[in-house]
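The values are calculated or read from the model by the stated rules, or taken from the named source; none is laboratory data. This structure is a prediction, so every number in the text was calculated from the model and none was measured. Don't worry about glycine lacking a Cβ; one is built from the backbone with ideal geometry, like all the others, and counts go over all protein chains shown. For accessibility, only protein heavy atoms count, side chains too; no ligands or nucleic acids. Shrake-Rupley method; radii C 1.70, N 1.55, O 1.52, S 1.80 Å.
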Amino acid sequence: MTISRTSAAGSTPTAGTTAAALPPSESVAQQTWQAFRRNPLGLASAAVLILLILVAAGAGLIADYPSGYGEDVLAGPSAAHWFGTDDLGRDVFAQVVWGTRVSIVVGLAASVLAIVIGVLVGVAAAYFRYADALLGVIVDLSLSLPVLPLMILVAALAGPSVSTLVVVIALFSWPEVARVVRSQGLAVVPMPYVSAARVIGGSHLWIIRKHVLPGVAPVIAVSVVLTTSRAVLSEAGLSFLGLGDPNSWSWGAILHQAQRSGSLATAWWTTLFPSLAILLLVVATTLLAVAYNDARNPRTR
Amino acid sequence: MRRTTRTLAMAVGLLSIGLVTACSPSDPDAGGGAGSAERLTIGTTADVINYNPLVGNSRTDTWVTNLMYPRLMGMGLDGTRTPYLGTEWAYAPDGKSAKVTLRDDFTWTDGEKVTADDVVFTIKAIAAEKIGVVAGLIPAFQEATALSPTEVEFTLSEPDGTFLENVGFWMPIVPEHVFSKVGKVAEFANDADWVSAGPYQLTSVERGQRYVLKRVANYPLVDGGPKTAELVFRVFPDVNTEALALRNGEIDLIANALPPALAKTLEGDSKLKLVKVPSLGWAHMQYNLARKPLDKLEVRQALAAAVDYEAIRRVALQGSAVSSNSSVLTPTLKQWQDPSATEYAYDPARAKQLLTGAGFTDGNGDGLFDGLSLRMIYDQADPNIAKWAQLVRDSSKEAGIDIKLEGLERNTYLAKTKERDFDIYAGSWAIMENPPANLTLAFKCDGFINYANACDPALDKLIDESRSHLDQPSQKTAIQAAAKIISDQVYDNVLYVEEFTFAHSAKWSNFLVQPSELLSIVNPQSLAQATTD
């Protein structure tokens, strides 16, 4: 998971006068892109993710919002209903399309929130050595919590809504980010250019902003992708357990309704398609993260 | 890379929900299950929480303890009382006392006779310790005396025409010689060495797995004793897995009512038989009158006009429900029903008109009235309500009313209901078979389950008047007038009366259908007389 020092240092071309001595930033990005382009799995994953994001953004153009009821209850896939209908006769294809929006929004929002908390804690732990022990204990403690039961408890107490889901998922996802960022930060902080920045009288905030953060940026990029996919899974899990927002469609919510209606065993289309969508997103994000990490790291390039 | 593997594993795990649905667990009962008259295996989705019949109130609690503890009266399909342990019952002419005559051929499993003393002990314990629902149903009870081993007399503080029916059906009789030695009856767990007097006796329990009951040969209500030697309740995670087990022949009967969608898919299976059972309750929405603007009649009328009742019954319930004509006197209770009742019409235009008349406007032109966003709570685990709640939301939107659904986990839902923390309550009553008693609890100002927070002196007076009569025909006039007020004022919006579907293996027959989910075909008489081909 760790990125080599070379690459970490290479990503700080903005550090004032030393910039001329370092390779220009384009070259790092270009080298990464060159390596990434050679990985078909990575490209395919990126294409799938872009497709899913397009579907999420243009849901209204693809299918009508699933509401009301239809006369064909639990009809199998057909030309009229590509993915069949659910127990109220609503189109499962439309549900999956509109579910993409909520699933991705929850995934991204929870991931961004988790990344912000995780990066703050991780960088603070790496930079301020005296805070490391305390923050380390907090992170370890959070990592050892039984996450799913706690998520269920909090979501049940706070009541079902999209914002509750985002906060709950973020609250239980940041420790992993913090740990990864801290370990990368520990490699960056002792670097000579950080010491140099300190010697010339840079404030802590300035050093963190200009030197430490760019140094840990690659792991943040990977974390964003992986945390998003985990958040989408958590959202699906919570919604499947009935703790999702009943006023919006998500992939987990479709599964939940299928399970509750008792049609799980007979109407396979109500569960297969949302499950495939989840699988597609999670596999694509995971492969993308792996491909990016490999392309970014000169040792695996 | 470990995280990657785990994420992938999670994804595959979640996908398997869709693909594998439910693998049937290995079956320790195999070989002795279906087909053998020696054992009838019943599927349920929950454990017995409480073996004390006076305290337990979950479905599985009731199914199991009903097989062990008799009641004074049973119930016919239309909610009327039938003889059980009691053979005859009547009020004294002044209504201040009532007498029940008992059968003399019931015995406890330890050999003692079931006598009037057991009945006297049971009702006194309930009244003294205020145990369960029964205590709330018998406010007029003062004293009980055993006139002879087969005769009990109850003394009442005032005439109460609901007393006998309530005590007769709702109170399980427990053995005095066991329960009197345990200290506080309400705290008695009764979880071993059961002494019972039903057709079956509980003999062994494996929590989360199975409950085994053995036949009581001298049970008097079935000629020659119960037909099947052993009953087994098996616990399943949900109704989907129960249905698979029934199809595979692992179980003979599903005790839970089937969700309509599942019932439909089982219809064509020749190895199964589906049984229709009428509900004694109703599904409804109640508007919280303590909150603005729901205190305005026009707003409640508008909400009632924004519900597509027909679509709910036809699509969400798959036709297994009947209209109650928006009355709390449902068609199941034929002797109470008011033929002049009519259902609220589904008419979004009229709803809009009513709201405009009440002063609501749509200033921002989004199609929704401004400042009219209502929270509707329901139990998200209830398959039917969770379905029609969505239909109500969507049809209300057409009438310009924004309803936010709050499908809650059961305990949160119960807590919010208790605190009346909602604008609209969506739920259902299981058994409301005695209107004078039920309307007291549900609609009088201080009613225990008055979820609408309705407080209408005229309504209270009618309900009290009906209770003061001792026979049903005289109670009926006042109760019908009360039901009309409830409907006109939209204190309750009754959507439908469900017709439950139960499934059993076609190898079994001779079940006895009783109304409601609690009795259905899992009632003691039915299980005792069922036979295989």
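Ligands, DNA and RNA left out, the 1.4 Å accessible surface of the stretch B:73-176 is 52% carbon and sulfur atoms.
In order along the stretch B:362-375, phi translates into HN-Hα couplings of 10, x, 8, x, 8, x, 10, 5, 6, x, 10, 10, 10, 8 Hz, rounded to whole numbers, per the Karplus curve 6.51 cos²θ - 1.76 cosθ + 1.60 with θ = phi - 60° and x for Gly and Pro.
If you sort the three axes of the alpha carbon gyration tensor as a ≥ b ≥ c, you get a/c under 1.5 for the stretch B:73-176, which makes it rounded. Please compute the net charge surrounding residue A:125, taking Lys and Arg as +1 and Asp and Glu as -1 over other residues with Cβ under 11 Å from its Cβ. Combined, the nearby Lys, Arg, Asp and Glu give +2.
Interface residues of the stretch A:225-252, defined as those with an accessible-area decrease of at least 50 Å² between the chain by itself and the complete set of protein chains (probe 1.4 Å), are A:230, A:233, A:246, A:247.
A Cβ-based charge dipole, computed about the Cα centre of the protein assembly as shown with Lys and Arg at +1 and Asp and Glu at -1, lands at about 4140 debye. Take the stretch B:73-176 with all the other protein chains still there, run a 1.4 Å probe, and you get 39 Å² of accessible area per residue.
Accessible surface area normalised per residue over chain A is 43 Å², counting heavy atoms of protein chains with a 1.4 Å rolling probe. For the stretch B:165-174, backbone phi angles converted through the Karplus equation (6.51, -1.76, 1.60; θ = phi - 60°) give residue-by-residue couplings of 5, 5, 5, x, 8, 8, 9, x, 8, 10 Hz, Gly and Pro being listed as x. Of interest is the spacing of the C-alpha centroids, which for the stretch A:176-246 and the stretch B:357-398 amounts to 42 Å. Using R0 = 25 Å, the C-beta based FRET efficiency linking residue A:38 and residue A:143 works out to 0.10. Protection proxy ranking of A:214-224, B:61-71, by the mean of other Cβ atoms within 10 Å over each peptide's residues and highest first, is B:61-71, A:214-224. Only residues of the stretch B:287-322 count here: report those whose backbone N is under 18 Å from the spot 7 Å along Cα→Cβ of residue B:370, or say none. Correct set: B:293. Between the amide H of residue B:282 and those of B:429, distances stay under 5 Å, these residues lying 5 or more places away or on another chain, with hydrogens modeled in the peptide plane.
Each Cα pair under 8 Å and six or more residues apart adds its separation to the average, and for the stretch B:221-340 the resulting relative contact order is 17 percent.
Each residue of the stretch B:131-138 was assigned a 3J(HN,Hα) from its phi angle through the Karplus curve 6.51 cos²θ - 1.76 cosθ + 1.60 (θ = phi - 60°); the sequence is 8, x, 5, 4, 4, x, 8, 10 Hz, with glycine and proline shown as x. Placing pseudo-labels 7 Å out from each Cα toward the beta carbon at residue B:404 and residue B:177 gives an inter-label distance of 6.2 nm. Take every Cα pair under 8 Å whose residues are at least 6 apart in sequence, average their separation, divide by the length of chain A, and the relative contact order is 28 percent. Note on residue B:274 and residue B:49: the extension gain reaches 78.2 nm, defined as 0.36 nm multiplied by sequence separation minus the Cα-Cα distance. Computed extension gain for residue A:116 through residue A:187, at 0.36 nm per residue and net of the alpha carbon distance, reaches 23.6 nm. Label-to-label distance for residue B:361 and residue B:158 is 5.1 nm, based on points extended 7 Å past Cα in the beta-carbon direction. Near the amide H of residue B:42, within less than 5 Å, lie the amide hydrogens of B:232, B:233, B:234, B:252, all on another chain or at least 5 residues away, with H placed in the peptide plane.
Quick one: grab the alpha carbon gyration tensor of chain B, order the square roots of its eigenvalues as a ≥ b ≥ c, and give me rounded if a/c is under 1.5, else prolate or oblate depending on whether a/b is larger than b/c. Oblate. Proximity of backbone amide H atoms, modeled 1.01 Å from N, is registered between residue B:151 and B:102, B:116 at under 5 Å, excluding neighbours fewer than 5 places apart on the same chain. Tell me which chymotrypsin sites (Phe, Trp or Tyr not before Pro) from the stretch B:372-456 have a DSSP coil assignment and no more than 13 other beta carbons within 10 Å of their own. Sparse-neighbourhood loop chymotrypsin sites (Phe, Trp or Tyr not before Pro): B:448. At an R0 of 35 angstrom, the distance between the Cβ atoms of residue B:335 and residue B:223 translates into a FRET efficiency of 0.70.
Taking every Cα-Cα distance in the protein assembly as shown and sorting them into 20 Å bins starting at zero, the pair-distance distribution P(r) comes out as 14, 38, 31, 14, 4, 0 percent.
Only protein heavy atoms count here, probed at 1.4 Å, and on that basis chains A and B bury about 3900 Å² of accessible area in total. When peptides B:138-147, B:120-129, A:131-140 are sorted by average Cβ neighbour count within 10 Å, with the highest value leading, the order is B:120-129, B:138-147, A:131-140.
One chain, two ends: residue B:533 and residue B:206. Fully extended at 0.36 nm per residue, the span grows by 114.7 nm beyond their Cα-Cα distance. For chain A, the 222 nm mean residue ellipticity estimated from helices alone, with every DSSP H stretch of n ≥ 4 adding -39500 (n - 2.57) and the total spread over all residues, rounds to -22500 deg cm²/dmol.
Modelled spin labels at residue B:107 and residue B:506, positioned 7 Å past Cα toward Cβ, are 4.2 nm from each other. Over the stretch A:162-301, calculate the relative contact order: mean separation of alpha carbon pairs under 8 Å at least 6 apart, over the residue count, as a percent. Relative contact order for the stretch A:162-301 comes out at 23 percent.
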